Amino acid sequence: MAYDVNAIFQIAGIGIIIAMIHTVLKQSGKDDWAQWVTLIGFIVVLFMVASFINDLFQEIKRVFLFQ
Amino acid sequence: MDIIQIVGLGIVATILSLVVKEQKPMFSFILATFTGVVIFLFLIGKISDVIRVLEGIAMQAHVNIVYLDTILKIIGIAYIAEFGAQVTRDAGQGAIASKIELAGKILIMVLAIPILSVIVETIVQLLPS
């Protein structure tokens, strides 16, 4: 449980930091770099969430479908 | 006091989601999904205990294990379909959520058909011919 809660804070932190970097890069005129940073942030967070959803589905399978 | 943990987690995640939504709505959605996954993972341990007890009772009552198996599969499909539909509906795709629910219902129906046929056969045998 503690590990999972940490992951929630990680995702929120990544979101805020990505937004900050995006703003800074945009202000300094590097628009394409800002887009890339956002995309990479999305991919990292999506990877975390996908692995956790995989955990969840494996658990559901273990409990309900195959005993 | 697990409920306090879950409610606290939900409130914290909601506040974080609101903070992030200002800049990046996508992160807010991912955060909501992730919170759902965490709460579900937390609950599934309890559900597992309940199912073990149910299995014990069914063993003692000499119920055919196939029926219990089917019922557990149906409950599992219902939980997964509900989770997916809620996540999708949160993201604003009501149509896809409805399709997921439809798929869940149809798969449950497919699983339930053997039991249904057994019931019909039993009733037909009971009837005086």
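For (1) surrounded by 14 or more Cβ atoms within 10 Å (Cβ to Cβ); (2) over 28 Å from residue B:64 (Cβ atoms); (3) in contact with a helix residue (DSSP H, G or I) (Cβ under 7 Å, 6 or more places away or on another chain); (4) modelled with pLDDT under 95, each residue gets a yes or a no:
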| residue | (1), (2), (3), (4) |
| --- | --- |
| B:79 | yes, no, yes, yes |
| B:84 | yes, yes, yes, yes |
| B:89 | yes, yes, yes, yes |
| B:94 | no, yes, no, yes |
| B:102 | no, yes, no, no |
| B:108 | yes, no, yes, yes |
| B:116 | no, no, no, yes |
| B:120 | no, no, no, yes |
What is the number of the single condition among (1) within 9 Å of another protein chain (Cβ to nearest Cβ); (2) surrounded by fewer than 16 Cβ atoms within 10 Å (Cβ to Cβ); (3) within 21 Å of the chain's Cα centre (by Cα); (4) free of Cβ contacts under 8 Å to residues at least 40 places away in the same chain that residue B:22 does not meet?
(3)
Taking the stretch B:78-129 only, how many residues are of a type in the set (A, V, I, L, M, F, W, C), under 30 Å from residue B:35 (Cβ atoms) and outside any helix (DSSP H, G or I)?
1
Of the conditions (1) outside any helix (DSSP H, G or I); (2) within 10 Å of chain B (Cβ to nearest Cβ), residue A:29 clears all except one; give me its number.
(2)
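Would you be able to say whether some residue in the stretch B:114-128 is in contact (Cβ under 8 Å) with a residue 12 or more places away in the chain and within 14 Å of another protein chain (Cβ to nearest Cβ)? Full working, then the answer.
As a first pass, look at the stretch B:114-128 and keep what is in contact (Cβ under 8 Å) with a residue 12 or more places away in the chain: B:114-115.
Now drop any that are not within 14 Å of another protein chain (Cβ to nearest Cβ), which leaves none.
Looking for residues that are in contact (Cβ under 8 Å) with a residue 12 or more places away in the chain and within 14 Å of another protein chain (Cβ to nearest Cβ), one finds none in the stretch B:114-128, hence no.
Please pick out the residue among B:39, B:11 that is in a helix (DSSP H, G or I), without any contact (Cβ under 8 Å) to a residue 24 or more places away in the chain and either in contact with a Leu (Cβ under 6 Å, 6 or more places away or on another chain) or not basic (Lys, Arg) (or both). Spell out the reasoning first.
On the way: B:39 fails: without any contact (Cβ under 8 Å) to a residue 24 or more places away in the chain.
Criteria check complete, one pass: B:11.
Tally the residues that are closer than 30 Å to residue B:71 by Cα and not charged (D, E, K, R), restricting the search to the stretch A:24-67. Walk me through how you get there before you give the answer.
As a first pass, look at the stretch A:24-67 and keep what is closer than 30 Å to residue B:71 by Cα: A:49-67.
Remaining after also requiring not charged (D, E, K, R): A:49-54, A:56-58, A:60, A:63-67.
Of the residues in that region, 15 qualify.
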Within the stretch A:29-54, can you find the residues that are surrounded by 13 or more Cβ atoms within 10 Å (Cβ to Cβ) and either of a type in the set (Asp, Glu) or within 27 Å of residue B:47 (Cβ to Cβ) (or both)?
A:48, A:49, A:52, A:53
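The values are calculated or read from the model by the stated rules, or taken from the named source; none is laboratory data. The structure displayed is predicted, hence computed values, not measured ones. Heads up, the Cβs are rebuilt from the backbone with ideal geometry, glycines too, and the neighbour counts pull from every protein chain shown.
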